[in-house]
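Values in this text are rule-based calculations from the coordinates and carry no lab data. Owing to the predicted nature of the structure, the values given are computational and were not obtained by experimental measurement. Cβ atoms come from the backbone with ideal geometry, glycine included; neighbour counts cover every protein chain shown.
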Amino acid sequence: MSTDFFKGIDKAVYEGPDSTNPMAFHHYNPSEMVMGKRMDEHLRFAAAYWHSFAWPGGDPFGGETFQRPWFGDSMEKARLKADVAFEMFDILNVPYFCFHDADMRPEGDSFAESLRNLEEIVDYFGTKMETTGTKLLWGTANMFSHRRWMSGAATNPDPEVFAYAAATVKSCMDATHRLGGENYVLWGGREGYETLLNTDLTQELDHLGRFLNMVVEYKHKIGFKGAILLEPKPQEPSKHQYDYDVATCFSFIQKYGLEGEVKVNIEQGHAILAGHSFEHEIATATSLGILGSIDMNRNDYQSGWDTDQFPNNVPEVALAYYHILQDGGLKTGGTNFDAKIRRQSLDAEDLIAAHIGGMDICARGLKAAAAMIEDGGLQQALDQRYSGWQSDNATRMMDSSLDEIFDRVIADNIDPQPRSGRQEILENYVNRFV
Ligand code: XUL
Ligand code: CO
């Protein structure tokens with residue numbers, strides 16, 4: 001039996017770019033072929049359980065605006081929440097979802113009670129997933145909202161909190177495994193610090209490194225085939241976070257011996273907070289071989305805060321997918337809408353329209369990226385810019401020493417002439433596709 005939350009809202013279907021129906025897809029056409037693969041298989045969309053169903057609409061100055069019928073702390077409300085969520089997945093035909101433990105189950109009075117609640121709701125989800133066909137892209141643990149995490153989870157100065165965090169992640173990995181999740185994500189919102197006056201940074205990093213090793217060991221122990229992903233973010237809620245950006249995560253992964261075991265889940269808004277662009281973070285990850293999945297959203301460029309809005313900028317999204325396609329596409333990863341509607345967007349219709357818009361923006365970005373790759377113009381420009389490296393002198397140089405190179409510069413009287421980087425010409429080229 002269905003709930004009446006989305007009453008009157010039909011399944012969203014593809015009607016093409018000329019349709020004026022605001023509740024239809026204009027660009028996302030799941031079966032359309034893009035570079036020899038279905039669009040839905042490229043994009044692998046997921047809805048985030050937390051933003052759409054657990055977030056009450058608060059901001060630092062005011063609390064709940066949404067007043068959803070499933071808000072509350074009982075298992076009955078948790079089941080109602082799941083019923084509504086799966087109805088949304090169905091309306092949107094979104095193939096995947098993602099969750100935190102705290103989004104889907106009420107907190108108990110003890111760890112054991114929270115775990116019982118989680119296991120019960122996971123069973124409920126399992127049945128719904130079987131009947132609807134919706135799949136789990138990734139699961140994760142919320143180790144940042146409850147006050148016990150205020151000084152960190154795996155980086156907490158209190159070893160009992162480290163223990164609680166280990167037990168929590170074990171239970172969330174079990175839940176993810178049980179639901180056939182394709183990845184497991186760790187975002188450490190409180191894995192950082194407010195002030196060095198009370199923080200032993202070296203010890204905290206070592207604890208986090210050991211913790212991540214435990215996660216990888218447990219993954220192999222239970223035979224979880226999904227990827228383990230760190231989600232970089234520079235700050236917020238912690239003033240300084242240990243997983244600042246992709247490059248920082250990579251050196252952490254290397255230092256703690258986890259190369260080949262751990263990849264990254266890159267979020268657009270987090271890239272911006274780190275002073276990067278989304279495509280910079282994605283290209284860094286692809287060049288290091290650690291691209292796992294993406295959290296698609298956008299930040300407000302004026303507020304300097306992680307506003308988690310739905311994407312609405314085709315050129316930004318196109319360049320992101322350009323690098324993803326160049327890397328061979330998303331593998332176990334997907335496009336998770338880690339995005340929430342604004343707190344004034346009260347209606348069920350707003351929730352659906354937001355996802356439709358985000359999916360359409362991504363579809364346009366993907367098509368533009370594919371067209372640029374098929375045209376080959378950017379690749380040609382790159383090949384030309386680096387073509388000097390094809391020469392014998394240049395290739396030999398990589399195997400020679402500083403003094404040998406010195407001798408050649410003197411002998412050949414080398415006098416390199418600067419050449420245009422052609423940035424505007426390339427930007428104009430991109431503009432033809434977006
Ligand atoms: C927080 C954030 C999280 C992670 C999962 O900024 O992005 O929602 O994606 O914990
Ligand atoms: Co995220």
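Coupling constants for the range 260-268 follow from the phi torsions by the Karplus curve (6.51 cos²θ - 1.76 cosθ + 1.60, θ = phi - 60°), and in residue order they are x, 9, 10, 10, 10, 10, 9, 10, 3 Hz; glycine and proline get x.
Simple point charges give the picture: +1 on the Cβ of Lys and Arg, -1 on the Cβ of Asp and Glu, and for the chain a dipole about the Cα centre of about 560 debye.
Around the amide H of Leu230, modelled in the peptide plane, lie the amide H atoms of Leu186, Lys263, Val264, Asn265, all under 5 Å away and 5 or more residues distant in sequence or on another chain.
The string of couplings for the range 233-239 from the Karplus curve (6.51, -1.76, 1.60, θ = phi - 60°) is 7, x, 7, 6, x, 6, 4 Hz, one whole number per residue in order, with x for Gly and Pro. Put a plus charge on the Cβ of each Lys and Arg, a minus charge on the Cβ of each Asp and Glu, and nothing anywhere else: the dipole of the range 334-417 about its Cα centre is then about 540 debye. Tell me which DSSP H helices of the chain clear both cut-offs, 24 Å or more of axial length from alpha-carbon atoms and a mean Kyte-Doolittle hydropathy of at least -1.0. Both cut-offs are met by 75-92, 111-132, 159-178, 201-222, 348-375. Between the listed residues Tyr321, Leu115, Leu80, the Cα displaced farthest toward the positive end of the dipole of the chain, a dipole computed from Cβ unit charges relative to the Cα centre, is found at Leu80. Partner aspartates and glutamates whose Cα lies under 14 Å from the Cα of Lys7, excluding those fewer than 8 positions away in the same chain, are identified as Asp83, Glu87, Asp90, Asp347, Glu349, Asp350. Rounded to the nearest Hz, the phi-derived 3J(HN,Hα) couplings of the range 34-43 under the Karplus curve 6.51 cos²θ - 1.76 cosθ + 1.60 (θ = phi - 60°) are 10, 6, x, 9, 4, 4, 5, 6, 5, 7, where x marks glycine and proline.
Here's the picture: charge each Lys and Arg Cβ at +1 and each Asp and Glu Cβ at -1 in the chain, and of Ser151, Ser2, Gly188 the one pushed furthest to the positive end of that dipole is Ser2. Straight-line reach from Lys37: taking Cα to Cα under 12 Å and skipping same-chain neighbours fewer than 8 places apart, no aspartates and glutamates fall in range. With a threshold of 23 Å on the Cα-Cα distance, the over-threshold entries among Lys331/Lys367; Lys233/Lys263; Lys11/Lys263 are Lys11/Lys263. When Rg and Dmax are taken over the Cα atoms of the chain, they come to 23.6, 84 Å.
Its DSSP H runs of at least 4 residues, each contributing -39,500 (n - 2.57), put the calculated 222 nm mean residue ellipticity of the chain at -14000 deg cm²/dmol, to the nearest 500.
Residue separation times 0.36 nm, minus the C-alpha to C-alpha distance between Asp10 and Gln380: what's the value? Walk me through the intermediate numbers first.
Values: separation 370, 0.36 × 370 = 133.20 nm, distance 4.56 nm.
Fully extending the segment from Asp10 to Gln380 adds 128.6 nm.
Using Cβ point charges alone (K and R +1, D and E -1), the dipole size of the range 391-431 about the Cα centre works out to roughly 200 debye.
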